[in-house]
Structures are given as C-alpha cells and as structure tokens.
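Any read-out appearing in this document is the output of simple, stated calculations on the displayed coordinates, not a laboratory observation. On a predicted model such as this, the values are computed, not experimentally measured, just so you know. So basically every Cβ, Gly included, is an ideal-geometry build from the backbone, and we count neighbours across all protein chains shown.
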Amino acid sequence: MPLDDGLFRQVIEKFESAQRILLACHLRPDGDAIGSLLGLGLALHSREKQVQMISEDGVPPSCRHLDGIAEIRRQAEGEFDLVCLVDCSDLERVGSVLVNHGPVDINLDHHPTNLNFADLNLVDVQAVATAEIIADLLSIWGLTITPTIAEALLTGLVTDTIGFRTSNVKPSTLRMAADLMEWGADIATIYRRALVDRSYEAMRLWGAGLSRLERNGRLLWTTLTLDDRKTSRYPGRDDADLINILSTVQDADITIIFVEQPNGRVKISWRAQPGFDVSKIAVRLGGGGHTAAAGAEIQGSLQEVQATILEMTRSLLNGGQHV
C-alpha cells in the first residue's frame, strides 16, 4: 500500500467521531466519482452515520443501474459535523455545495494535481482510482464490503482505467478487482454499462464531433457546440466519452476535445500517450487531472479557446518549455 496506514486511521477516526456527514464529488461526475461517493456513503450508513451524498450534476447514465443510486442528491440540506470530498482535485470542481457547508475536513483523491485543500488529505497518486483508496480504507477499517458497495467501487476501477487498459494498472489493481468480484460485484454488467452501452443521443453527438475531426501531425482534435447538444438532444454537458474513442486513433500522441458550455465557457479534455504530461497545461488553466488524461474549463469563445489551447499543446508536443 503506497500510503502509511496511519493516515488511513486518522481518516477513520474523523469519520467515527462524526454523526452527520456530507460527501460530495466533482461536477460532471464520471464512474469513479459516483462509485467512490456511493461506496463510501453506503459503508458509512453501515456505521449508523447520517450521510448525504451530493453530486450537483446528478448521476451519469453509465452509473444509473447501481443499487443505492437514488440516495445521491444534487443539493445538501441541514448541518454537518464533517465534510468530505471524493475524487476532486480542487475546490472549483465541486460546484456550489461548499458555499454553505465548508470548510472541507477530508479530501480523498488520486489526482497528481490535487491541491491538498482539506484538514486531512488522503491523496494517493499511485492509485488508479479514488475507489481503490476507498476500498483500502474500508479494509483497514474492518468494514464489511457488501455486494452493493463492491459494485460501486468496481465501477470506479473499471471506468478510470478504461477497462484496465491504462498504463498505471498494477497487479494489485487486478487483485482488488478480483476481491470486489468475490464480494458480489458483477464485472460483466459494470463493463457493459460503463464502457460499452451508449444512448442514441450520445451516438448523434459523437457524429457531430467526428465530422469535425482535425489532425496536424501527431495532434488530433475536434469540437462539440451547444447546437450539437441541442440537435442531438444529448442531456449532458460533457462529450459522452468521445475523447476516449478519439484517443485510440493510431499515430496520435495527444488528443483534445473542446466542448462549448453555457455562459461563454469551454471545457477542454486532453488524452496523451506515454511521454507527454498534459496535466501541466490543465493546471496552468485552473484545471487538473493526470499525466495522460486531464481537463480544464475556461472563459472564452470556442474559436478563441481552441486557438490558444492548440498553440499550448503543440508547444508541449514539440518539446517546448513555456507551457
């Protein structure tokens, strides 16, 4: 285990001493954010804690089959003894939930760009997913991992590794996945729902993005506009995981997708092959992520943002220093 058991036990003591607990994840949540939120929340329920699980942007379709998902709400109500954020590298990404419910007591995350903003920061950059950290936490705590908790945590592992395909997957990752399966998680269903199944609306959105696909040397990119979302009737504000499809294009070292947001903002997602650290660009822009997968959201028109980001990324791709 990369981190000292003592840090895990400090987190456990904080949870044990609290009665009303607020758990929240980042905006536009992915499988790891929801899986971590749900897995930890249900485990705390087993300790007879009053827990509110908050995802301001709701739950993505890929996670809506999970048992217990109805307990996740968009806004917090009441007072809390403890506030914990999961899978969130900075306070900007959590949305408005902390306006009336800060500061943060516990920060559970695996992003190298984490700002260590809480009173207690359990941040393991060697973990493939925040769900891995939570599984370790529950094991050290001695809590029973029910089939429902196992399903949630395995969802986090499967989604953040894109089906155990990322370069940070270790033998221990697969052993943990096997343990979660033995505790009742159905990996076939998780894999299909999280990584394979797509809605008709998502496919139409992909079509718009694929029709604009551009390439310059080993740099690949495309855009999704607000009109694309309206025309396709796609309900989310994300790219429907199109970035992970684009990152499979041969001979492309860095892939980018620009997603137009309301209020004159643009969300940028990067994927990179080994040897390129796109998190450097994301952090400079107020975002974060991993060496090979990062994101940011900035103010500006789609055209302006695209021109700026392409220039910065080309500099990184060509070995430039100013990014």
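Overview of values
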{"item": "Hz values of 3J(HN,Hα) by residue in segment 93-99 - Karplus curve (6.51, -1.76, 1.60), Gly and Pro given as x", "result": "7, 8, x, 9, 4, 8, 4"}
{"item": "Least to most buried among T159, T222, T248 (fewest other Cβ within 10 Å first)", "result": "T248, T222, T159"}
{"item": "Bridge type composition, the chain - antiparallel percent by DSSP, nearest 5", "result": "45 percent"}
{"item": "Angle in degrees between helix 130-141 and the longest Cα principal axis of the chain, rounded to the nearest 10", "result": "10 degrees"}
{"item": "Kirkwood hydrodynamic radius over Cα pairs of the chain, then Stokes diffusion coefficient at 20 °C and 1.002 mPa s, in µm²/s", "result": "107 µm²/s"}
{"item": "Segment 201-317 - percent relative contact order, Cα under 8 Å, separation 6 or more", "result": "20 percent"}
{"item": "Between helix 171-182 and the chain: long-axis angle, C-alpha atoms, 0 to 90°, nearest 10", "result": "60 degrees"}
{"item": "0 to 90° range, to nearest 10: angle between helix 5-17 axis and the chain longest Cα axis", "result": "70 degrees"}
{"item": "Segment 157-192: trypsin sites (Lys or Arg not before Pro) in DSSP coil with no more than 10 other Cβ atoms inside 10 Å", "result": "R165"}
{"item": "Principal axis dimensions, segment 147-217 - Cα atoms, whole angstrom, descending", "result": "44, 31, 14"}
{"item": "Fraction of alpha-carbon pairs over 17 Å apart in segment 1-108 - percent", "result": "50 percent"}
{"item": "Approximate shape of segment 201-317 as ellipsoid semi-axes (Cα gyration tensor, √5λ), whole Å, largest first", "result": "21, 16, 12"}
